[in-house]
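Here the structure is laid out as C-alpha cells; the discussion comes afterwards.
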Amino acid sequence: MSVVNKARLLSYIERVERLEEEKKAIADDIKDVKAEAKSAGFDVKMITKMIALRRLTPAERRLEKELTEIYEAACGLLDGTPLGDAARERLMKEEPNAEPAPEPPAHAEEVMRTVEEAREEGGEAFRAGVRIIDNPYTAGDPRRAAWDEGFCAASGSDGMDIPAAWRRKAKKPAKGDRRDDDGGVSAEAPASASDVDPDQEGLPFDDPQERGAEDKSDEGGDDWPLPPPGEPASDAPWKDPYAPSAAQPEGDAAERLDDLVKRTRRKQAETAATKEAAKRGPKSATKRGAKAPAKPRKSNAEGQP
Amino acid sequence: MSEPARTRKPDISAGLDQVEKFATILLPRDAEEPILAPGPRYAIYEWLTEIRARPDLESVGLKPRSTALLYGPPGTGKTTLAHHLAARLGLPLVTVQADRMTSKYMNESANNIGQLFDAIDKIKNGCVLFLDEFDSLGSKRSSSEHGTDKDRNLTLTTLLTRVEGFEGILLAATNRKEDLDTAMWRRFGMQISVDLPGSEERYAILKRYSLPFEFPDDALDTLADLTAGASPALLRQMMEGLKRSIVLAPRLKKPIDDVVEVFRGLVATTVPHPDVPQPHLWKKFDACAADLRTIPWPPERAPAEKKGGAK
Ligand SMILES: Nc1ncnc2c1ncn2[C@@H]1O[C@H](COP(=O)(O)OP(=O)(O)OP(=O)(O)O)[C@@H](O)[C@H]1O
Ligand SMILES: [Mg+2]
C-alpha cells in the first residue's frame, strides 16, 4: 500500500472512530434524559414506546394498533375484553362490501397530557369540588404545578380560600370583635407577616366564584372524571402492562380467531341492517345505529365483573 | 392506561425510614385546608409560585428561597399550614419534634442535627422538612463557657450552617419567637406570622367543626364574637366537645337541655393556653350567658348525605 493510500485509510478509520465516539456520547445523553424522566416519575418504558409511535405516520400507527389487537386476540391476551374499534374495522375490511373505515381516533397523541391540558384539568377539578391537595400529578412534574395553577385560577384564590359553605352568607355589619374591658384581646388584627401585605382585601386574585354548598359536600371527588391514581382509564387505548393479567381463556388460538372473525362479521351485518333501516327512518336512528358496535366494548371495559 | 406518570407513581416514601428515628411522616393525602387570614396564605402562595418557577429564576442567577419560619401563638395552624404546603407540592412532610433532637450528652444534639440533615439529603424523591417547636433547638446563644452552654452553642452553630446550606424545602415553627437566636431568625428566607384568627376565620372554623350539626348564621356570629382571641385549635376542641356532649348525652344520662350549662362544661374542660389572652367566653363566662341563650338549642342535624362531607 502506498504512503498516500495509507494516510487516506487512516483518515477514514479516524473519522469512523470519531463518529463512534459521538454516537456513544449521544447514547449516554439519551440515557441521562431517560434517567431524568424516570426520577420525575415517568415510566421510561412508556416513553420509549411513545417515541416509537411518534416515528410512525398516523396510518402506520393505526396499522400497528390493529395488528397488535388482532394478534393479541389470537394469543388470548385480550383478557376477555372485546376487540377494539380499529381491529374490528380491519377485520371487516376484508369483507368485499365493507364500507371504508372512518379516521382513527388519535389516541396515541392523547396519552401524554400536556402541561396546558393539566392546567385545564385543574380548573375542572375545582368545579367538580375536588380538594386542591388531590392533584393527580407527581411532585416535580411541571403538570402538577399547572394543575394547581389551573385550580387556583378557576377558584380565583390561592387554593386556601374558605369554602362558600363555611362563610357568612351576607357580610356582617362592622360590629367588630368583642374586646376585653381592659383592651387585652384584639384578635382582629390580621397576621402581620414581615413580607406580607396585611390588608384583608389584598389578595391578587379575581373575585372568588361562589362555590355552591353542594360542591363541598362531595369533596371525595367521586364524580371526578379521571381515574383514581394507579388505575388505568377505562377507555385506555391499550391495557396497562403492569396490571395483573387475568386468567387466559382456554382453547386453541386459531379457533378463537376464527370465532372472532365470525362474530365480528355478524355484528357488521347487523350494523349494516340497522343502517339500512335508519336510512329510511328518522335521523336520530342513524346516529345510534352507526355507533352501536362501539358500545359493548365500552360498557364491558367499564363494568368488568 | 391513559397517563403513565399517574399509573406508576414513584414511591414518595422511599428513604423516609432513615429519618423515622427523629421524625413523624405526614403524607400529602392526609393534609387539611387551613383556615387562615390573607397574610400567611399569600406568603405561602407566593412561595409555592417561587418554588415552581425554579428554572425561570435560575436562568437569571436566582434560586427560590428554601426556608421559612412560621411563628405565632399555639394552635393557630402552623403545623397544618406546613402540611398543606407539602401536600400542594406532592411531597411528604417530615415533621421533626425539635426537642427529640436534643440530648444531655455532649455534642450529641449537634450530631443528631447532622444525622438528620444527611438523611434528608438522601431521600430520593424529595420531602419537605418541618422543624416543630424550633425554639428548643434554636434558642439564643449564651456567652458563658459553661459546659452545657458550650454544647448549646455548638448545637446552634451546627443548625445555623445546616439551615443556611439546605437545598430542599424547610419550614420551622415556633410559638416563642422571642427566645429564638437572632442570627438563626435571619437565616430563614421568610418569616411568616400565623396569628390568631379574625372574625371571618373564626366563623368558618366554628362552622366547619360544628358540622353535621347546623347552627343558624346568627348563632355562629354570636359564638364568633364570644370567642374573639381563641385559637383555631381551641375552637375546634370546643366544637368537637359540643358534638361529643350531644351524642353522648343519652349514654351518660347527662341532660343537655340547658345550652348555658353545656357551654359551662365545655369551657371548664377546654382551656386556652395560659400564655395567650383569654377570650371573653373563658374570662367572663357569666356575662356571656345571655348571648348563649340566643343560640337555638339543641342544634339541628344536617341531612344524612351532607354528613361528614365538608370536613
Ligand atoms: N387555621 C386553621 N384552620 C383550621 N383548623 C386549624 C387551624 N389551625 C389549627 N387548626 C386545628 O387545630 C389543631 C392544631 O393545629 P396545629 O397543630 O396546626 O397548630 P400549631 O400552630 O402547629 O400549634 P403549636 O404551636 O401548638 O404546634 C389541628 O387539629 C388543626 O386541625
Ligand atoms: Mg404545631
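The values are calculated or read from the model by the stated rules, or taken from the named source; none is laboratory data. In this text, all values refer to a predicted model and were calculated from it rather than measured experimentally. Because the Cβ atoms are built from the backbone with ideal geometry, glycine has one as well, and the counts that use them run over all protein chains shown. Areas reflect the complete protein model, heavy atoms only, side chains present, ligands, DNA and RNA absent. Shrake-Rupley method; radii C 1.70, N 1.55, O 1.52, S 1.80 Å.
Points worth noting:
- Distances between placed amide hydrogens fall under 5 Å for B:Leu69 paired with B:Ala172, B:Met190, B:Gln191, B:Ile192, all partners being 5 or more residues away or on another chain.
- Within 10 Å of each Cβ in B:227-240, the average number of Cβ atoms from other chains: 2
- Whole-number percent relative contact order across segment B:16-193, with pairs defined as alpha carbons under 8 Å at least 6 apart: 32 percent
- Taken as Cα centroids, segment B:62-137 and segment A:148-168 sit 28 Å apart, rounded to the nearest whole angstrom.
- Spatial separation of Cα centroids for segment B:249-283 and segment A:115-140, in angstrom: 41 Å
- Those residues of segment B:242-263 whose amide nitrogen sits under 19 Å from the label point placed on B:Ala289, 7 Å along Cα→Cβ: B:255-263
- Each residue of segment A:1-55 gets 83 Å³ once the volume of the Cα convex hull is shared out per residue.
- Accessible surface of segment A:1-56, 1.4 Å probe, proportion on carbon and sulfur as whole %: 61 percent
- The packing ranking, built from the mean of other Cβ atoms within 10 Å per residue, places the peptides B:238-249, B:57-68 in the order B:238-249, B:57-68, highest first.
- Cβ-Cβ FRET estimate between B:Thr161 and B:Arg65, R0 fixed at 22 Å, reported to 0.05: 0.80
- Computed from the C-alpha gyration tensor, the three semi-axes of the ellipsoid equivalent to chain B are 40, 25, 18 Å, from longest to shortest.
- At R0 = 25 Å, FRET efficiency that the Cβ-Cβ distance of A:Ile30 and A:Glu116 yields, to 0.05: 0.45
- A simple charge model with +1 on the Cβ of Lys and Arg, -1 on the Cβ of Asp and Glu and nothing else charged puts the dipole of segment B:199-303 at about 540 debye relative to its Cα centre.
- Over chain B, Cα pairs under 8 Å with separation of 6+ residues give a relative contact order of 20 percent.
- Label-to-label distance, nm, for residues given as A:Arg18 and B:Asp149 (7 Å Cα→Cβ offset): 7.1 nm
- Charges were assigned to the Cβ only: +1 to each Lys and Arg, -1 to each Asp and Glu. The resulting dipole of chain B about its Cα centre is roughly 580 debye.
- Extreme residue, positive dipole direction of segment A:1-55, given options A:Val16, A:Ile47, A:Asn5 (C-beta unit charges): A:Ile47
- Amide proton proximity set for B:Ser139, modelled H, under 5 Å, gap of 5+: B:Asp181
- Exercise: per-residue mean of other protein chain Cβ atoms within 10 Å, B:200-209: 4
- Per residue of peptide B:27-39, the mean number of Cβ atoms on other chains within 10 Å of the residue Cβ is 6.
- Estimated FRET transfer efficiency (A:Lys169, B:Asp179; beta-carbon r; R0 30 Å; 0.05): 0.10
- Checking the Cα-Cα distances for A:Lys38/B:Lys124; B:Lys122/B:Lys177; B:Lys104/B:Lys150 against a 19 Å cut-off, the pairs over it are B:Lys122/B:Lys177.
- Antiparallel %, DSSP beta bridges [both residues in chain B], to 5: 30 percent
- The residue among B:Ser109, B:Gly138, B:Ala68 whose Cα reaches farthest toward the positive pole of the charge dipole of segment B:16-193, with charges on the beta-carbon of Lys, Arg, Asp and Glu, is B:Ala68.
- Estimated inter-spin distance, A:Leu67 and A:Ala7, nm [label 7 Å along Cα→Cβ]: 5.1 nm
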